[in-house]
Amino acid sequence: MTALARSIFKSILLILNILIFNNILAQTVPQNIGQNSGVQDSLNIGKDSLNLKKDTIIPKEQLEDVVKMKAEYRNSSSISNKQTTLSKKAQIIYQDMQIDADYIRFEWETGKIYARGEQDEKGKIIKPAVATQAGKQFEYSEVIYNIKTKQAIAFNARTEESEGVIVAQKTKKYDDSVFVMSRAMYTTDEYFLKKKDSLADYHMSARMIKLLKTKDNAQIITGPIQMYIEQVPTPLVLPFAILPFSDKRSAGILIPSFGERQDVGFFLNGLGYYQPIGDHFDLKILADLYTKGSWNIKPELNYLKKYRYSGNFAADYGYTVRGIKGLDDYSRTKTFRIAWRHSQDSKANPYFTFNASVDIVSSKFYNNTVNNNYIFNQNVLNTQQTSRVNVTKRFLELPVTISASMAYSQNFATGLTDLRLPDMTVAINQFYLFKPKTGVRTGLLENINVNTGLALSNYVSTTEDKLFKKEMWDELKTGVKNNISMSTNTTLAKYFTFTLAANADNVLTTKTLERSYNPLTNVVDDNFKKGIAGYTTFSTSASLQTVLYGQKNFSKTSKIVAIRHMVTPSMSFTYSPDFGARSWGYFRNYSNARGEMTPYSIFDNGIYGAPTAGLTQSVGFNINNNLEMKIRSKSDSTGVKKVKIFENLNVTGGYNFAAERNKWSVFTVNGQSSFFNNKLNVNSSLTLEPYRIAYTDGSDIGVRTEDFGRFSLQGFNVQLSYPMSEAIFGKKEELSKKYKKKGEIRNENYFFDDDNYSHYTPTWTLNVNANYSYVKGLSRIPVKSSTVGLDGSIKLTPYWNINGSTNYDVEKKELGYTRLGFARDQRSFTITFNWVPFGQYKVYDFFIGIKANILKDAVKYKERSFTQPNSTF
């Protein structure tokens, strides 16, 4: 951080501290709503010092309408004093203004009205006076109103606006549009609004508030304003605030979260401003600020066209500063991110769709992020980032679909970037060559179906510093591929399904490979030559499949009713010629370091790969098993419960008759099942090598021998997941049967014991997952990994929620990424606290969000845009 930037930052902190300190000392929270303000019954209205300069209400010449008055007990008039006094359930009506009070005094000549609420023996207001104008109610301890000028002064006034309420010690009404209030508070607490509670759970307090009202909406404008929670002042102080009360989207401040991160210091995260732009756009500008000098700016533009499309542009740009300048651990890293999301409404155009998901970041963005959201949602663990733009065109009368896409993929581990710009496919919808007129297909001939299409691709794998430069364009690979596939099937002997298939690929590329050995550098050089070349490959296959069932029934006294085994065996034969033969012209030879002629394909490392060398005449087999058991169960209504032993157990292998050596392929076994009422899910895979692997001295990579039958484990993987909740411990005891007393707190029903303690049964979820992986292949030394993870939440009360996740690496014997979150749902706001207690990013984040819809734009609770129910779209 430069000296100028540090100076500016310190000045901002100093100003904020002064504002916070002055507000805590000077601001008072309006209390004792409805109490006497000290203006007594004997108040001389004529000498009341209220005008636009000195608080005096300027009278007019005459009244414009009839003044209606009534009272329950006393209605007296004084000709000498030219005034009328009303007591007990007094009421005065003039045009659209009605005042109901315990005491009213009306001065005929000036048109001034003094009204006061009901007092107790000590002079304390116990029931406020109520004024109603244009269908809106206002409550006061005392009010002075001039029916000629329609100006007023009120004490301890309570004014409801939309979802909130304003309470002020003193209120001046200049006209029907302008109200000025001193020592005022504003809250949207529903309980306080409905008078279920005399104290708001939160409020914003200001020394001066101006309420401006128009025909369509209203807004509050304040000077310095501070938030209080449960009557306790918070450090959240704003130099000014504009709170609009409108159904339309409105501009407003975005409230930040705050906390501390070990590597970059204390922070304000997500401080910003929201600005709607017309009917279809809105803009958010957010900032992250850290005490050790890091900063980040995040503009975001959202757009929406109802029933057509929606999306947003977003960016991150900033610097991450770690350590102390001048020391070895100091670093200053620039980071950036550009993102674009576009989604087309499915109703917009079924024949043309356009969608985009673009997310481009600097190579070290996630390792140096100052946006804590990427830490809490685990984006910092990303090893790859992919962006894609898709366009699809369909036709009403043509069986053709045209698709085009652009893709950008970043690998943070290797530093390589894969770019496809663009890919395009033209696909012909599947059709039948000999489709019968009746619509019912039978036999091999009538079931022949054809799939074909054309693909164009441009691909390059490069580094970030070469993007869109001459080096990248020189490495770009371009190709065209046409695929034609045909297949048919029929039933043989009622129980067997017989399938025939053929596949052909035609490929054109703009580059071919020329490989040679360089004796000076002792490496093999791959040089790509420009020029159009192509190849054709094809293969045929036939398969036969059936389903076998077997069932074992047990005696009626046995716990097990029956065991059923379903086997789905299939066998296939595949033929493909040897495209490595000289006659095809797809392969050449180069002389290696030992002078041996080594074959290679001129299409190796090409955009669509290379043809396969060697004749293929292979038989493949696949055996799929399903094993289930039925047991007797009293908990089931049928008396029988089904238990899955293996939902799927698949064994696959193959034998190539044409191979010169190692005719058998490796064998794979895949299993999937669930236990304990389908709660525990198990997925596993196993790879077996049928030949002995031989290793030479000094080499950790072996070779397959011809010694068949020496099966060895080449790879193994098992994944387990088990979601749990309080329901696994059986049916919860009904509180209504245990406790007789019942009450309501914030719309939630509680049950109370004899000592009036409320009772609530906590709910919780816990997902347990485990993974074990063993990979050996031809290597002498296997690679093992083993992790156990937890992810869950517990609701201690209806308004307290705790959630978190963690994982443990058994091989490394260390905890991985761990996060804890706490949320407290108050009546009017939510408090959230997120914490990463250890690791590279030790951070805690604290946020207070107001839930009222009326403040959804002015003081953002969530980063909402066009999801508001009152959106104008």
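Assorted remarks:
- Over the residues of the chain, the helix contribution to mean residue ellipticity at 222 nm works out to -1500 deg cm²/dmol, using -39500 (n - 2.57) for each DSSP H run of at least 4.
- Those residues of the stretch 207-240 whose amide nitrogen sits under 18 Å from the label point placed on Trp800, 7 Å along Cα→Cβ: 230
- Mean Cβ count within 10 Å, highest first, over the residues of peptides 530-540, 369-379: 369-379, 530-540
- For the stretch 553-569, the Karplus equation 6.51 cos²θ - 1.76 cosθ + 1.60, evaluated at θ = phi - 60°, returns couplings of 9, 10, 5, 5, 7, 7, 5, 8, 7, 6, 10, 10, 10, 10, 10, 10, x Hz by residue, with Gly and Pro reported as x.
- Principal-axis tilt of helix 3-26 within the chain, Cα atoms, nearest 10 degrees: 40 degrees
- Distance between the stretch 501-560 and the stretch 392-468 - C-alpha centres, whole angstrom: 18 Å
- Overall form of the stretch 68-177 per C-alpha gyration tensor (a/c, 1.5; a/b vs b/c): oblate
- Short to long, the 5 Å bins of the Cα pair-distance histogram for the stretch 397-548 hold 2, 7, 11, 12, 14, 13, 11, 9, 8, 6, 5, 3, 1, 0, 0 percent of all pairs.
- Cα-projected label distance for Phe266 with Arg632, points at 7 Å along beta-carbon direction, nm: 7.1 nm
- Within the stretch 539-647: Cβ-based charge dipole about Cα centre, in debye rounded to nearest 20 (Lys, Arg +1; Asp, Glu -1): 1040 debye
- Our coupling estimate for the stretch 451-461, obtained by passing each phi through the Karplus curve with A = 6.51, B = -1.76, C = 1.60 and θ = phi - 60°, is 10, 8, x, 10, 10, 10, 9, 10, 9, 8, 10 Hz, Gly and Pro reported as x.
- Around the Cα centre of the stretch 777-859, unit charges on the Cβ atoms of Lys, Arg, Asp and Glu (plus for the first two, minus for the last two) sum to a dipole of about 60 debye.
- Pairs over the 19 Å Cα-Cα cut-off, from the set Lys195/Lys215; Lys122/Lys173; Lys127/Lys150; Lys136/Lys215; Lys196/Lys738; Lys742/Lys795: Lys195/Lys215; Lys122/Lys173; Lys127/Lys150; Lys196/Lys738; Lys742/Lys795.
- Using C-alpha pairs under 8 Å with a sequence gap of at least 6, the mean separation divided by the residue count of the chain gives a relative contact order of 6 percent.
- Here the chain is treated as a sphere whose radius is the Kirkwood value from Cα pairs; by Stokes-Einstein at 25 °C and 0.890 mPa s it diffuses with a coefficient of 68 µm²/s.
- Once the chain from Val619 to Lys89 is taken as fully extended at 0.36 nm per residue, the excess over their C-alpha distance is 180.7 nm.
- Cα-based Kirkwood hydrodynamic radius, the stretch 169-307, one decimal, Å: 17.6 Å
- This model, with +1 at the C-beta of Lys and Arg and -1 at the C-beta of Asp and Glu, gives the chain a dipole about its Cα centre of some 1160 debye.
- Treating r as the C-beta distance of Ala581 and Val426 and R0 as 35 Å, the FRET efficiency rounds to 0.65.
- Exceedance of the 26 Å cut-off in Cα-Cα distance is limited, within the set Lys530/Lys663; Lys334/Lys842; Lys466/Lys842; Lys393/Lys470; Lys82/Lys210, to Lys530/Lys663; Lys466/Lys842; Lys393/Lys470; Lys82/Lys210.
- FRET efficiency estimate (nearest 0.05) - Cβ-Cβ, Asp707 to Thr540, R0 35 angstrom: 0.60
- Straight Cα distances below 13 angstrom link Lys552 to the aspartates and glutamates Glu628, with same-chain residues fewer than 8 positions distant left out.
- Packing order of peptides 386-392, 427-433, highest average first: 386-392, 427-433 (average count of other Cβ atoms within 10 Å over each peptide's residues).
- For the stretch 129-154 and the stretch 319-337, distance of Cα centres in Å: 61 Å
- Using a Förster distance of 35 Å, the FRET efficiency for Thr761-Asn677 (Cβ separation, nearest 0.05): 0.95
- Lys/Arg +1, Asp/Glu -1 at C-beta; the chain dipole; positive extreme among Leu467, Ser78, Gly223: Ser78
- Residue (of Asn656, Ile532, Ser558) at the positive-pole extreme of the stretch 526-658, dipole from beta-carbon charges: Ser558
- Separation in nanometres of the label points that stand 7 Å from Cα toward Cβ, at Glu464 and Phe833: 3.6 nm
- Relative contact order of the stretch 380-451, pairs being alpha-carbon contacts under 8 Å that are 6 or more residues apart, as %: 24 percent
- When peptides 542-551, 399-408 are sorted by average Cβ neighbour count within 10 Å, with the highest value leading, the order is 399-408, 542-551.
- Remark: Leu476, Leu243, Leu327, Leu416 ranked as Leu327, Leu416, Leu476, Leu243, counting other beta-carbon atoms within 10 Å and listing the fewest first.
- Shape category assigned to the stretch 589-634 from the gyration tensor of Cα positions, a/c cut at 1.5: prolate
- Rounded if a/c under 1.5, otherwise prolate or oblate - the stretch 449-522, Cα gyration tensor axes: prolate
- Charge-dipole axis of the chain as Lys and Arg at +1 and Asp and Glu at -1 on Cβ define it, positive-most pick from Pro519, Val666, Thr497: Thr497
Readers should treat all values here as calculations from the given coordinates under stated rules, not as data from a laboratory. Remember, it's a predicted structure, so these values are computed and weren't measured experimentally. Backbone-built Cβ (ideal geometry, glycine too); neighbour counts: all protein chains shown.
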